[in-house]
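The values are calculated or read from the model by the stated rules, or taken from the named source; none is laboratory data. Because the structure is predicted, anything quoted here is derived from the model rather than measured. No Cβ is skipped: glycine too gets one built from the backbone with ideal geometry, and neighbour counts run over all protein chains shown. The area values use the complete protein model at the heavy-atom level, side chains included, leaving out ligands, DNA and RNA. Shrake-Rupley method; radii C 1.70, N 1.55, O 1.52, S 1.80 Å.
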Amino acid sequence: MNVYVLMYDECALFEIILGCYFLKAKYNIITVGIDAEEIRSFEGIKVKCDTLMQNVSSSKGDVVVIPGGNINLINNKSLLRDFLCKSNLSECLFGAICSGVDILKENSLITSNDIDKYSISNVKLGNRFVLAKPNEYVDFALSLGIITNIYESQNDFDETVNFFKLFKECW
């Protein structure tokens, strides 16, 4: 199974890095460019994407992760709309943070009512979406783990929370 991480100029990598770190235990992480193989993130980091959107063939259970950032640069891109529509029809899971939530909303994958329904405070196994505010990136990563069922046990989840959120050593 794959995690398709949307990459675009001025996307905020810090919002999604921890989530990718968690998911790489069970998924292949694939960076996806909209119409360019290289992007420069909000942090100034140049990223060479693994593939372009038109080359992606998603399957049920795959994950699409959408970071926030300057979405004005990608608004109204037909390639993005097609990619999101195909991923939704394939029953992919979606994680969006910050203005990434707006991307899902603008492309009619969610409504305003869904924002509360799929917020990190309401996430549960079986949800196809998890949506977060920009400063919720740790909880976003933890929630991605919940909807993708990556935690081996409650103890595994608790250790992850203790280390990454509560800053407790887990040795």
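General observations
- Subset of the stretch 1-54 that is open to solvent by 40 Å² or more (accessible area, probe 1.4 Å), among the acidic types (D, E) and modelled with pLDDT of 95 or more - its residue that is farthest from G68 (Cα to Cα): D50
- Screening V47, V32 for residues that are within 17 Å of the chain's Cα centre (by Cα) and farther than 21 Å from E106 by Cα leaves exactly one candidate, V47.
- Matching residues, the stretch 103-140, being over 22 Å from V161 (Cβ atoms) and either polar (S, T, N, Q) or in contact with a Gly (Cβ under 8 Å, 6 or more places away or on another chain) (or both): N107, S108, T111, S112, N113
- Residue list for the stretch 3-30, filter: touching a residue at least 40 places away in the same chain (Cβ under 8 Å), closer than 13 Å to V56 by Cα and touching a helix residue (DSSP H, G or I) at 6+ places or on another chain (Cβ under 6 Å): V3
- Restricting the first member to the stretch 107-119 and to residues that are without any contact (Cβ under 8 Å) to a residue 40 or more places away in the chain, and the second to residues that are open to solvent by 70 Å² or more (accessible area, probe 1.4 Å), the beta-carbon pairs closer than 6 Å and six or more apart or on different chains are N107/R81.
- Every pair of residues 6+ apart whose Cβ atoms lie under 8 Å, when the first sits in the stretch 31-45 and is free of Cβ contacts under 8 Å to residues at least 12 places away in the same chain while the second is assigned to a loop (DSSP other than H, G, I, E, B) and of a type outside the set (S, T, Y): E38/C49
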